[in-house]
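Input: a single structure, listed below in structure tokens.
The values are calculated or read from the model by the stated rules, or taken from the named source; none is laboratory data. No experiment lies behind these values; they were computed from the predicted model shown. Note that we place each Cβ from the backbone using ideal geometry, even for glycine, and neighbour counts take in every protein chain shown.
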Amino acid sequence: MTLSRRALVTRGAGAIAAGAFAGCLDDVRVSQTEIDAGYAAFFTLWDWAQQIGGNEIDFENPVGTGQAGHGWSPGGDLTREIADTGVFVYFDTPEFSWAQDIAATLEADYDTVAVIDGLAGLDDQLLDWDHQVDASGHDHGSEDTDNDDENDTDSHDPEAENGSNDHDESSIDPHVWLDPVLAREIVETISAGLADADPDNAQTYRDNASAFATDLEKLDEQFEALIETADRTVAVFAGHDSFTYLQERYGFELHTPIGVSPQSEPSQGDISATIDLIESEGIETILYSPFEDRDGQYPTLVNTILRDTDATDAMPITHLSGTLAKWQQKDWGYVDQMQEINVPAFREALDAQ
């Protein structure tokens, strides 16, 4: 990527006024000239940053096609490449430790880059890795985002009982971007950070974020309608559990024999329990990660389940921390992939209209 300008930013009035933005953007600095390029730490953040930056900022995603952003390790001198641009958008969570390290270096050694944490201000809405979703009696309304966790002690760390709302970062599930409602808050955070760093184009960023928020609202409505017409509230996913925020938002359960770690292997007992669930619920469609689909073949676990149950079909769902070449060729961003891949798959798996 050839840059025509470098952003020059200072450490001055970094934070958005508390009344204007309920978040923490202490690391964003005000620019003295226009920003025209930046980096975002993985596919979804890149897509959102592109939507917000529009024609003003050209964002780059360092994570290669077919790879996931969490657990990824950069090659070469990525820190220097990012430092030569004007902005870095990332998540401050250990699952993106490489991005944390780069952000820390930028903040310590470079005052020419605005560093924007998309998770800023979301502490009280983040879920623990071991959070259990109970679909029974779930209220599907999306108006209570700020209050959902007040009565949900499972989603907070034990320090909450002692008057602290701080999470143990290592226990937090980072897949918050899969919840379209919380996605709107992250988009607002990115927009506010860009506006703070590049005030000459602040209104453009706000307008672009507002337009994209409308698309996210429509996506939220699609999921709401899907769940309202679903004949069951449980589906089976033959992959690691990265959809807890989506389950929590819309009140369905996604059973997986694998757990939260992509490196985990299911035990025979876990597979047997999954088979029993499929039989008892009459589940016909098994969900799986297309990132594990090699050469057009289902993953081994999917074939095992299809062989040993009455399930007849399998469909992919994407965690959206990365993208695939076939989707890239279609120019599918976050909303496109949710609508074209995840919504149809959940509709089939939950037997919705």
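Scanning the range 294-323 for residues that are more than 26 Å from the chain's Cα centre (by Cα) and of a type in the set (A, V, I, L, M), which turns out farthest from Gln247 (Cα to Cα)?
Of everything passing the filter in the range 294-323, Leu306 is farthest from Gln247 (Cα to Cα).
Tell me, which residue of the range 191-212 that is surrounded by 19 or more Cβ atoms within 10 Å (Cβ to Cβ) and among the hydrophobic types (A, V, I, L, M, F, W, C) is nearest to Gly121 (Cα to Cα)?
Ala192
Which pairs do you get when a residue that is in a loop (DSSP other than H, G, I, E, B), found in the range 330-341, comes within reach of a residue that is buried (at least 19 other Cβ atoms within 10 Å of the Cβ), reach meaning Cβ atoms under 8 angstrom, with the pair 6+ apart or on two chains?
Trp332/Thr323; Gly333/Asp47; Gly333/Gln50; Gly333/Gln51
Given the conditions (1) surrounded by fewer than 23 Cβ atoms within 10 Å (Cβ to Cβ); (2) on the phi < 0 side of the Ramachandran plot; (3) not β-branched (Val, Ile, Thr), and given that Phe243 satisfies all but one, which numbered condition is not satisfied?
For Phe243, the failing item is (1).
Starting from residues that are buried (at least 21 other Cβ atoms within 10 Å of the Cβ) and over 16 Å from Val343 (Cβ atoms), keep the ones in the range 307-321 and report whichever is modelled with the highest pLDDT.
Ranking the candidates gives Ala314 first.
Here is a list of conditions, (1) touching a residue at least 40 places away in the same chain (Cβ under 8 Å); (2) assigned to a helix (DSSP H, G or I); (3) among the aliphatic types (A, V, I, L, M), and Ala230 meets all of them except one; can you say which number that is?
(2)
Tell me the residue from Thr285, Thr274, Thr300 that is in contact (Cβ under 8 Å) with a residue 24 or more places away in the chain, over 23 Å from Thr214 (Cα atoms), surrounded by fewer than 20 Cβ atoms within 10 Å (Cβ to Cβ) and of a type outside the set (D, E, K, R), please.
Selected residue: Thr285, the only one of Thr285, Thr274, Thr300 that is in contact (Cβ under 8 Å) with a residue 24 or more places away in the chain, over 23 Å from Thr214 (Cα atoms), surrounded by fewer than 20 Cβ atoms within 10 Å (Cβ to Cβ) and of a type outside the set (D, E, K, R).
Could you please give the count of residues in the range 336-350 that are β-branched (Val, Ile, Thr) and either closer than 13 Å to Gly239 by Cβ or crowded, with 19+ Cβ neighbours inside 10 Å (or both)?
1
Among (1) assigned to a helix (DSSP H, G or I); (2) in contact with a helix residue (DSSP H, G or I) (Cβ under 6 Å, 6 or more places away or on another chain), there is one condition Ser242 misses while meeting the rest; what is its number?
(1)
Collect the residues in the range 266-287 that are part of a loop (DSSP other than H, G, I, E, B) and under 17 Å from Tyr298 (Cβ atoms), keeping them in residue-number order.
Pro266, Ile283, Glu284, listed by residue number.
Going through Gly259, Gly251, Gly333 one at a time, which residue ends up being modelled with pLDDT of 95 or more, among the small types (Gly, Ala, Ser) and either more than 24 Å from Ala68 (Cα to Cα) or surrounded by fewer than 18 Cβ atoms within 10 Å (Cβ to Cβ) (or both)?
Criteria check complete, one pass: Gly251.
Return only the number of the condition from (1) crowded, with 18+ Cβ neighbours inside 10 Å; (2) modelled with pLDDT of 95 or more; (3) within 24 Å of Tyr245 (Cα to Cα); (4) not hydroxyl-bearing (Ser, Thr, Tyr) that Phe291 does not satisfy.
For Phe291, the failing item is (2).
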